[in-house]
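Below you'll find the structure, written out as structure tokens, and then a few comments.
The values are calculated or read from the model by the stated rules, or taken from the named source; none is laboratory data. The model shown is predicted, which means the values in this text are computed figures rather than measured ones. Using ideal geometry, Cβ is built from the backbone for each residue, glycine included, and neighbour counts are taken over all protein chains shown. Just so you know, the surface numbers come from the protein's heavy atoms only, side chains and all, with ligands and any DNA or RNA stripped out. Shrake-Rupley method; radii C 1.70, N 1.55, O 1.52, S 1.80 Å.
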Amino acid sequence: MEQLQRYLNHSKIDVVFKQNKDDFVVTELPLYDFSGEGEHLVLKIRKKDLATWDAIELLAKFLNCSSREFGYAGLKDKNAMTVQSISIHRKYEEALKSFQHENLKILETTYHNNKIKVGHLKGNKFFIRLKRVGAIEKRKIEEALGQIVTYGIPNYFGFQRFGIEGDNYKKGKDIIDGKLKEKRRNLKQMYINAYQSYLFNSWLSKRIEISKLIEAFEPKEVYQKLNLPLDVVKQMKKQKHPFKLMTGDLLSHYPFGKIFTIENLEEESAKFNERDRVPTGLLSGKRVKNSVDLAYEIEKEFEEKTGEDGARRFAWIFPEDISSNYKEDKNWMELQFYLPKGSYATEVIAEIIH
């Protein structure tokens, strides 16, 4: 896959980041408090070196039941220590008291009125340890974090979305083009979803590239290079945020809310800079609203009939509760932050260290 545009302009920071149970910890935050009553048993589990499905399979095998009886809100990384909640009927409560596994621990249990469903999470808290961080790298990382605190980050899909070889999106395109048949529905959907994600990332990278050109050059030069209307380029140039909104963009209230077409570029860009709303990008498919005008001229290059339902996705997000701790004796930098659901911590790291 081609290199994605980064909006921060610093050079590569040469540190070590490895996704493993010691250096990458994810804690899921549920969408709501569990009621403490009802027929569903909610298990708060801590797992390491196991994907969410692996953990569910282990528990299902232990209980001699189908893995479909479990409910979960989101799939968590295998190469990490992760804490999340899953649910099962409370008739299994007694049997689970004797469950033991070195990589999977039930931390606590409670009850709830319904099964946990996919998407029923608010977001995730992350702890990440970077190694071989000298004094120069420390300063550069802190400067990058300061920018992210102020402006947020592009909401790219992380590499996990594209499979071990990073080429699942190609299979998705081949399925859409009729060059590849995939009978297994779940695999077919995974490949097509990867292709939707690839198109979204490519669009977002293009928009960041345009934004950086507008930031770096005079409006007349941008007008000549990109063939964008001069009056719009001048308006975009005035925007304080590094991601430049353009006429026809579809925005969403942030962190949730309605999607609407931009009307007043100056007003909306000020509200974006205040984190009140963000631009959205297209996940190509059926039953989805397109941007219009100038924004659509760029979006249509990355539009495909995928056969799946489409959607709009935040193009930009604002990580919260960001903190860093430098351990000079070990040359470690420990970062903590919160991201809304559907966003990737690995992309925060990618933006920081390039």
Task: Extreme residue, nearest to Lys18 (Cα to Cα), among residues of region 135-174 that are of a type in the set (A, V, I, L, M), open to solvent by 60 Å² or more (accessible area, probe 1.4 Å) and under 18 Å from the mean Cα position of the chain (by Cα) - done: Ile164
TODO: Inspect region 103-117 for any residue being polar (S, T, N, Q) and surrounded by 15 or more Cβ atoms within 10 Å (Cβ to Cβ) and give the result as yes or no.
DONE: yes
TODO: Can you run down the residue pairs with Cβ atoms below 7 Å, 6 or more apart or on separate chains, where the first is in region 275-287 and on the phi > 0 side of the Ramachandran plot and the partner is in a strand (DSSP E or B)?
DONE: Gly285/Asp309; Arg287/Asp309
TODO: Select, from Lys181, Lys225, Lys240, the only residue that is modelled with pLDDT of 95 or more and open to solvent by 70 Å² or more (accessible area, probe 1.4 Å).
DONE: Lys240
TODO: Scan region 13-34 residue by residue and report those that are more than 22 Å from Asn79 (Cα to Cα) and modelled with pLDDT of 95 or more.
DONE: Ile13, Phe34
Open item on the list: Can you find, within region 1-35, the residue that is most open to solvent (accessible area, probe 1.4 Å) among those that are in a loop (DSSP other than H, G, I, E, B) and in contact with a strand residue (DSSP E or B) (Cβ under 6 Å, 6 or more places away or on another chain)?
Closed with: Leu31
Task: Qualifying positions in region 277-301 - open to solvent by 40 Å² or more (accessible area, probe 1.4 Å) and either in a helix (DSSP H, G or I) or modelled with pLDDT of 95 or more (or both) - done: Lys289, Asn290, Val292, Asp293, Tyr296, Glu297, Lys300, Glu301
- [ ] Run Asp49 past the list (1) within 19 Å of Ile106 (Cα to Cα); (2) touching a helix residue (DSSP H, G or I) at 6+ places or on another chain (Cβ under 8 Å); (3) of a type outside the set (A, V, I, L, M) and report the number of the one that doesn't hold.
- [x] (2)
